[in-house]
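Q: Mind having a look at this structure? Questions to follow.
Nothing in this text is a laboratory measurement; each read-out follows from the coordinates by a stated rule. Not measured: the values here are computed from a predicted model. Cβ placement follows ideal geometry from the backbone for every residue including glycine, while neighbour counts extend to all protein chains displayed.
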Amino acid sequence: MSILFTPINLGDVQIKNRFMHSATYEVMSLETGEVSDKLVKRYQNLAKGEVGLIIPGYMFVHPLGRCAKYQTGIHSDDMIPGLRRLVKAVHQEGGKIAFQLVHAGRQTTKAMIGQTPIGPSSKGRDPINFVKPKEMSADEIQEVIQAFGKAASRAVEAGADGIQLHAAHGYLINQFISPFFNHRKDEWGGSDANRFRLLKELISEVRNALPQGMPILVKLNTHDYTPQEGITPSLAVTYARWLSDLKINGLEISCGAGVYSFMNMCRGDVPVKEVVQSLPFWKKPLAKLMMKRMVGKYDFDEPYNLEAAKMIKPVLGKTPLFVVGGFRKVAHMKEALEKQYADCISMCRPFIREPFIVKRIKEGKAEGVACVSCNRCFAAVANNMPVQCYNKGFPAP
Ligand SMILES: Cc1cc2nc3c(=O)[nH]c(=O)nc-3n(C[C@H](O)[C@H](O)[C@H](O)COP(=O)(O)O)c2cc1C
Ligand code: SF4
């Protein structure tokens, strides 16, 4: 049997193969944050397609940590019935599901949350939303820690198989652990160990909320690609070692920070026209100019976080490593596992185009995925359109 179809244990949960659906914002929940039938259907299909572990799109743990209009919420008990339906649909098809918990921090807007976004420090104004955040007080940090703990309890109530802390892509946890965003001089900043403190506290809080053996995963950047130094591969190695010492049950590695370097996160074509379409008229000229400059700079032949994986894997001990970003050929997937660069293959865009691709690979019917990384699905999400493959056409405004 192919190495891709050997089971793996995360905590006490057995995953039937080495494929993970990486968290994907779907634009499918209700404006209240509640799960919709459409969302349930999406994940039912992926479970039918035999994806080993499914992580749906990021779920906000606190109203101030929300960053998208149709994002799923896990910030209140009212969300639990919908989340339960989602879990049940996946379980009925024999799948496993873990929830990705997020707080956006400064990577949201006043229009979205009703007040100035918060972050570790107030320094800088981001280049897309022009947000200058408010520095969080010690009490606000404690409130966020508690919000993650309560969200984890709701994940348990809903029957989820695990949780993943979103520490990547420029959101709040990433902001705390990055020297680019975090300029604090108190116990939450000033050194790598202090910047890491929030993530450490969150793991402890969430662990208290979960039953013994329920896995805690973390999604971490190995490179932020921010204008000044943020997380670099060598800092990521240090953090990976500390995460392994904290006995997390799996680490997924990625790169890129939403408003500063989103094309690093989703490499491939730069969908200039499609992204610009959604912007207010006054933002269009500058955005078009900025995006045109990016064209041709994010092409890839091989999984683009694999080099980082080779550095991270040796310090992880027994903690399983998931690598996301650019897996398109079955030969590359097998090689990554056979050479022990990683333990699991994580994918996002390939599943948008082909929810049944794992089953097809298992049956020997596919040597690669059909996704061509045109990034139109990514642009669609920015336009508040439900995620699907738009490679063959993108709706006009
Ligand atoms: C439409 C879309 C939505 C995404 N939503 C999330 C998300 O909610 N959480 C997250 O951690 N990453 C998100 N990502 C990033 C993916 O999980 C993944 O890291 C990235 O697409 C690279 O993997 P791929 O080459 O397999 O697509 C999203 C990507 C896309 C294209
Ligand atoms: S629109 Fe389709 S082909 Fe293009 S990146 Fe998304 S899933 Fe892949």
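Q: Which values, in whole Å and largest first, are the semi-axes of the equivalent ellipsoid of the stretch 283-397 obtained as the square root of 5 times each eigenvalue of the Cα gyration tensor?
A: On the way: eigenvalues 175, 76, 29 Å².
Listed largest to smallest, the semi-axes of the stretch 283-397 are 30, 19, 12 Å.
Q: Can you pull out the trypsin sites (Lys or Arg not before Pro) in the stretch 305-384 that DSSP calls coil and that have at most 12 other Cβ atoms within 10 Å? Present the calculation step by step, with values, prior to reporting the outcome.
A: Values: sites: Lys310, Lys318, Arg328, Lys329, Lys334, Lys339, Arg353, Lys359, Arg360, Lys362, Lys365, Arg376; in loops: Lys318, Arg328, Lys339, Lys365.
Answer in residue order: Lys318, Lys339, Lys365.
Q: Net charge near Val372, counting Lys/Arg +1 and Asp/Glu -1 over other residues with Cβ under 14 Å of its Cβ? Don't skip to the answer; put the middle values down first.
A: Numbers: positive: Arg267, Arg328, Lys329, Arg349, Arg353, Arg376, Lys392; negative: Asp269, Asp299, Asp301, Glu354.
Counting the neighbours of Val372, the net charge comes to +3.
Q: Need the list of lysines near Lys16 for cross-linking: C-alpha distance under 17 angstrom, and skip anything on the same chain fewer than eight residues off.
A: Cross-link targets: Lys48, Lys96, Lys334, Lys359, Lys362.
Q: To make sure I understand, if each residue's beta carbon is the centre and we count other beta carbons within 10 Å, what order do Phe322, Phe356 fall in, fewest to most? Don't skip to the answer; put the middle values down first.
A: On the way: Phe322 27, Phe356 17.
Final ranking by Cβ density, sparse to dense: Phe356, Phe322.
Q: Over the stretch 145-231, what is the mean sequence separation of C-alpha contacts under 8 Å (at least six apart), divided by residue count, expressed as relative contact order in percent? Walk me through the numbers before you get to the answer.
A: On the way: 112 pairs, mean separation 35.5, N = 87.
Dividing the mean separation by the residue count of the stretch 145-231 yields 41 percent.
Q: Mind counting lysine pairs for me in the stretch 181-318? Cα separation below 25 Å, and the two need to be 8 or more apart along the chain or on different chains.
A: Value for the stretch 181-318: 26.
Q: I need Phe180, Phe148 ordered by Cβ neighbour count within 10 Å, fewest first.
A: Working: Phe180 21, Phe148 26.
In order of increasing Cβ crowding within 10 Å: Phe180, Phe148.
Q: Can you give me the relative contact order of the stretch 36-88 as a percent, contacts being Cα pairs under 8 Å and 6 or more apart?
A: Numbers: 32 pairs, mean separation 16.9, N = 53.
Rounded, it is 32 percent for the stretch 36-88.
Q: If you don't mind, another one. Taking the inverse of the average 1/r across all pairs of different Cα atoms in the chain, what Kirkwood radius in Å do you get?
A: Details: mean 1/r = 0.0479 Å⁻¹.
Computed over Cα pairs of the chain, the Kirkwood hydrodynamic radius comes out at 20.9 Å.
Q: For Lys339, which aspartates and glutamates qualify as cross-link partners when the Cα separation must be under 14 Å and same-chain residues fewer than eight apart are set aside?
A: Glu307
Q: Nearest-5 percent of antiparallel DSSP beta bridges in the chain? Walk me through the numbers on the way to the answer.
A: On the way: 4 of 38 bridges.
Taking every DSSP beta bridge within the chain, about 10 percent pair in antiparallel fashion.
Q: Work out the length of the dipole vector of the stretch 1-53 about its Cα centre, built from +1 on the beta-carbon of each Lys and Arg and -1 on the beta-carbon of each Asp and Glu, and round it to the nearest 20 debye.
A: Details: 6 positive and 6 negative charges, 56 e Å.
With Lys and Arg at +1 and Asp and Glu at -1, about 280 debye.
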